[in-house]
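Read the structure below first, then the notes.
The values are calculated or read from the model by the stated rules, or taken from the named source; none is laboratory data. Here the structure is a predicted model, which means the values were calculated and not measured. Reconstructed Cβ throughout: ideal geometry from the backbone, glycine too, with neighbour counts over all protein chains shown.
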Amino acid sequence: MSTGVADEPPSETLRERKRRETRTAIEHAAISLVDELGYDNVTVSMISELAVVSQGTFFNYFPTKDAAIVGLGPVNLDPAAVHAAYDRLAPASPYHATLTLFLKVVRDLDWTSEIAAMRARLVAQTPALMKLFLDGTFGFVSDFRSILTAYLEQHPEIRTCADELTPAEEANLVVAEALEAAKFALARTTADPGAPLPEAAEVEAVVRRIVG
């Protein structure tokens, strides 16, 4: 998954390509089986058999069948790239800039392939998978908090609560609020993949109307 603020991957080696292909095969098998048989009727054994891998190999890639269905990989953030992204979004507030970057994560997900459409339908129909999908998509936020803290320390002029909060406290609040807004946008897009993803300004306007 690309966020536009992550490390650029090096050229893919043969081993890396085989790992990617194996991971994709497991994801495809998991989603296809759940789509055909229903979530409760699918086991790791069945997924492994269809993907032509051992159960041991399955667990090398995914801890549970839910994770295979959701199919999200880790995002490795590059602090310098995140800081550069904030620089590009200046003079936006830290909240608006963070929400913009989080919505880019959603926008960069695969929404067009057949497997993505099947996944979106399954996630929308299964509350437990929806939670896993939302949490997995934004699994990088812990690192993001520390990166934003460092940026606020380096750029105190952009802070909005410098008199009341430390940089770390402000970063935690900014990320928490932007995260919930971005999860809302992701949940709506997952429920209706054909609907356009709202821009940060639209989501922010809704949030402002809610909080008053």
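Restricting attention to the range 108-134, which residues are under 24 Å from Asn41 (Cα atoms) and of a type outside the set (A, V, I, L, M)? First the steps, then the outcome.
Just the residues of the range 108-134 that are under 24 Å from Asn41 (Cα atoms), to begin with: 114-134.
Listed by number, the residues that qualify are Glu114, Arg119, Arg121, Gln125, Thr126, Pro127, Lys131, Phe133.
Criterion first (hydroxyl-bearing (Ser, Thr, Tyr), within 17 Å of the chain's Cα centre (by Cα) and buried (at least 16 other Cβ atoms within 10 Å of the Cβ)) does Thr126 satisfy it? Explain how you work it out, then say what you get.
Working: hydroxyl-bearing (Ser, Thr, Tyr): yes; within 17 Å of the chain's Cα centre (by Cα): no; buried (at least 16 other Cβ atoms within 10 Å of the Cβ): yes.
No; evaluated as a whole, the condition is false for this residue.
Identify, please: which residue in the range 141-179 is out of contact with any helix residue (DSSP H, G or I) (no Cβ under 8 Å at 6 or more places or on another chain), among the acidic types (Asp, Glu) and surrounded by fewer than 14 Cβ atoms within 10 Å (Cβ to Cβ) and is, among those, modelled with the highest pLDDT?
Checking each candidate, the answer is Glu169.
Tell me, which helices (runs of 4 or more DSSP H) lie completely within the range 84-178 with 1 or more residues that are closer than 15 Å to Arg188 by Cα and not hydrophobic (A, V, I, L, M, F, W, C)? Walk me through it before giving the result.
Numbers: elements: 94-107, 114-125, 127-137, 141-154.
Because the criterion is at least 1 residues that are closer than 15 Å to Arg188 by Cα and not hydrophobic (A, V, I, L, M, F, W, C), the helices (runs of 4 or more DSSP H) in the range 84-178 that meet it are 94-107, 114-125, 127-137.
Collect the residues in the range 18-58 that are surrounded by fewer than 16 Cβ atoms within 10 Å (Cβ to Cβ) and either in the same structural domain as Ala124 (by TED's automatic domain parsing) or not in a helix (DSSP H, G or I) (or both), keeping them in residue-number order.
Scanning the range 18-58 gives Gly38, Thr43, Val52, Ser54.
Confirm whether Ala195 is surrounded by fewer than 19 Cβ atoms within 10 Å (Cβ to Cβ), modelled with pLDDT under 85 and over 25 Å from Ala90 (Cα atoms). Steps first, please.
Numbers: surrounded by fewer than 19 Cβ atoms within 10 Å (Cβ to Cβ): yes; modelled with pLDDT under 85: yes; over 25 Å from Ala90 (Cα atoms): yes.
Yes: the conditions hold for Ala195.
Just the residues that are surrounded by 15 or more Cβ atoms within 10 Å (Cβ to Cβ) and hydrophobic (A, V, I, L, M, F, W, C), please, taken from the range 78-99.
Selection gives Ala81, Val82, Ala85, Leu89, Ala92, Ala97, Leu99.
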